[in-house]
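These notes concern the structure reproduced below.
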Amino acid sequence: MSLAVMHEDGLRVEGVALAEIAARFGTPCYVYSRAALTAAYAAYRDALQAHGLAQRSLICYAVKANSNLAILNLFARLGAGFDIVSGGELARVLAAGGDANKIVFSGVGKSRAEMRAALEAGIHCFNVESASELEHLSEVAGSVGRRAPVSLRVNPDVDPKTHPYISTGLKSAKFGVAFDEAFDLYRRAATLPHIAVKGIDCHIGSQLLDPAPAAEAADKVLALVDRLAAAGIVLEHIDLGGGMGIQYRADAPAPAAADYLAPMLSRLAGRREKLMFEPGRSLVGNAGLLLTRVEVLKPGEEKHFAVVDAAMNDLMRPALYDAWHDIARVGADGTATGTAMSYEIVGPVCESGDFLGHDRLLALNEGDLLAILSAGAYGMAMASNYNSRPRAAEVMVDGSAVHLIRRREDVAQLFALESTLP
Ligand SMILES: *Cc1c(COP(=O)(O)O)cnc(C)c1O
């Protein structure tokens, strides 16, 4: 929320005015803050430290939240591991200088080619999500002469009380191994010569604001770990997934990392296993914003529209989840000449679902810049080229410097892989 701060020249991120970024790099443009990314990571580190767990824990950034190489590289430099869900993400992490030995590989549909690539890279662990996957992985590992390190991703059947599209730990979800089947599947895994049983994993959903469901899941996982140990299957690590929510609205605060994590960490403090987390949104969400310019103001009888140059293809969360992002005028206070009124903030895409915010009270002029806040997670990562729109530029602010970390696509690139009939 505090990413963009008002100065006499309008909103700034760290030491740089957003108006200057728009002038240099154009709009729409994603803007990230190195300091904010670093602080979000430090909040996890500090919480682990406070429970005496820093030495035997690993924070694996969930790459799918934002996979830009500069962001991956920054987290790698901070010591993070990575949670990947595809061979593409594996390649990105390695290209960004990430350590293969700190990668965990999640996902319900890993292909054999992806398994092979991850085995050859020497990743830390596969989070296996089904009985079939375990058999496939065993075969692939055998064929390349390796043992695959494995956790089972168990589905603890707890309700995380979040949006149904991002709720993953209920019995009805496609994710993970049903809790009641996990014990037997561990016993099967322990008999497979090309599988090395290493740990256990769970991830119950995203944008979680109440720590109770995650703590309940942790209790179930720990009980299973103890039952497995009693049967001779001793696990080295416990991975409690990601999911911690962030503040999207000024009037709806999210818990601090220390408070959200405390119930889980206190349960782990007296144990011997290594601890892992897979945070995505909470490391990047509030460290980024989407900068956009008002193209057209269109007053109407029922609604007033502000058509901006960013759209659902740039930031899909409002259209997909009806998600809220705070939207702020970048101009310095007092520079608006329009009257404040309630606007629908919409993009140019030909869909009525193409909106970035409903009913926002703003004093706008055509040409004004707007900052769509808390857009660092699941923003650029979900962007598409719908309507043949080149994807936005991305920049990272570092103090008073700005670095271009992804060039704006140009239109010719959008159809460079296509061909007409002979
Ligand atoms: C998406 C995902 C995460 C990250 O979730 P956040 O809510 O962004 O923290 C972690 N683990 C797995 C397996 C995921 O699919």
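Brief remarks on what is shown
- Residue selected from region 232-246 under the condition assigned to a loop (DSSP other than H, G, I, E, B) and away from the ligand (no atom under 14 Å from the Cβ), by the criterion nearest to Tyr61 (Cα to Cα): Glu236
- Strands (runs of 3 or more DSSP E) lying entirely in region 347-399 (those with 2 or more residues that are in the same structural domain as Pro299 (by TED's automatic domain parsing), over 21 Å from Ala35 (Cβ atoms) and within 22 Å of the chain's Cα centre (by Cα)): 355-363
- Pro156 vs. criteria away from the ligand (no atom under 12 Å from the Cβ), open to solvent by less than 40 Å² (accessible area, probe 1.4 Å) and either over 25 Å from Gly87 (Cβ atoms) or at pLDDT below 95 (or both): yes
- Residue within region 159-171 that is over 20 Å from Ser86 (Cβ atoms), in contact with a strand residue (DSSP E or B) (Cβ under 6 Å, 6 or more places away or on another chain) and open to solvent by 60 Å² or more (accessible area, probe 1.4 Å) present: no
- Selection from region 57-79 of residues that are outside any helix (DSSP H, G or I) and within 13 Å of the ligand (Cβ to nearest atom): Ile59, Cys60, Tyr61, Ala62, Asn66, Ser67
- Residues in region 269-282 that are more than 8 Å from the ligand (Cβ to nearest atom) and touching a residue at least 60 places away in the same chain (Cβ under 8 Å): Ala269, Glu273, Lys274, Leu275, Met276, Phe277.
- Hits in region 111-153 (condition: open to solvent by less than 40 Å² (accessible area, probe 1.4 Å), over 12 Å from Leu90 (Cβ atoms) and part of a helix (DSSP H, G or I)): Glu133, Leu134, Leu137, Ser138, Val140, Ala141, Gly142
- Residues of region 198-231 satisfying the condition of being in a strand (DSSP E or B) and of a type in the set (Val, Ile, Thr): Ile200
- Hey, Leu58 closer than 25 Å to Arg272 by Cβ and buried (at least 16 other Cβ atoms within 10 Å of the Cβ) or not: yes
- Qualifying positions in region 179-219 - touching a strand residue (DSSP E or B) at 6+ places or on another chain (Cβ under 8 Å), surrounded by fewer than 21 Cβ atoms within 10 Å (Cβ to Cβ) and aromatic (Phe, Trp, Tyr): Phe179
- Flag for Ala252 being among the small types (Gly, Ala, Ser), under 27 Å from Ser374 (Cβ atoms), free of Cβ contacts under 8 Å to residues at least 24 places away in the same chain and more than 13 Å from the ligand (Cβ to nearest atom): yes
- Test: residue in region 285-294 that is at pLDDT 95 or above, assigned to a helix (DSSP H, G or I), within 16 Å of the ligand (Cβ to nearest atom) and open to solvent by 10 Å² or more (accessible area, probe 1.4 Å): yes
Per-residue answers, yes or no, for (1) of a type in the set (D, E, K, R); (2) surrounded by 19 or more Cβ atoms within 10 Å (Cβ to Cβ); (3) not assigned by TED's automatic domain parsing to the domain that holds Asn387:
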| residue | (1), (2), (3) |
| --- | --- |
| Leu297 | no, no, no |
| Gly300 | no, no, no |
| Lys303 | yes, no, no |
| Asp314 | yes, yes, no |
| Pro318 | no, yes, no |
| Ile327 | no, yes, no |
| Gly331 | no, yes, no |
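The values are calculated or read from the model by the stated rules, or taken from the named source; none is laboratory data. The structure presented is a predicted model; accordingly, all values stated were derived computationally and were not measured. All Cβ positions, even for glycine, are placed from backbone atoms using ideal geometry, and neighbour counts span all protein chains on display. SASA here: full protein model, heavy atoms, side chains in, ligands and nucleic acids out. Shrake-Rupley method; radii C 1.70, N 1.55, O 1.52, S 1.80 Å.
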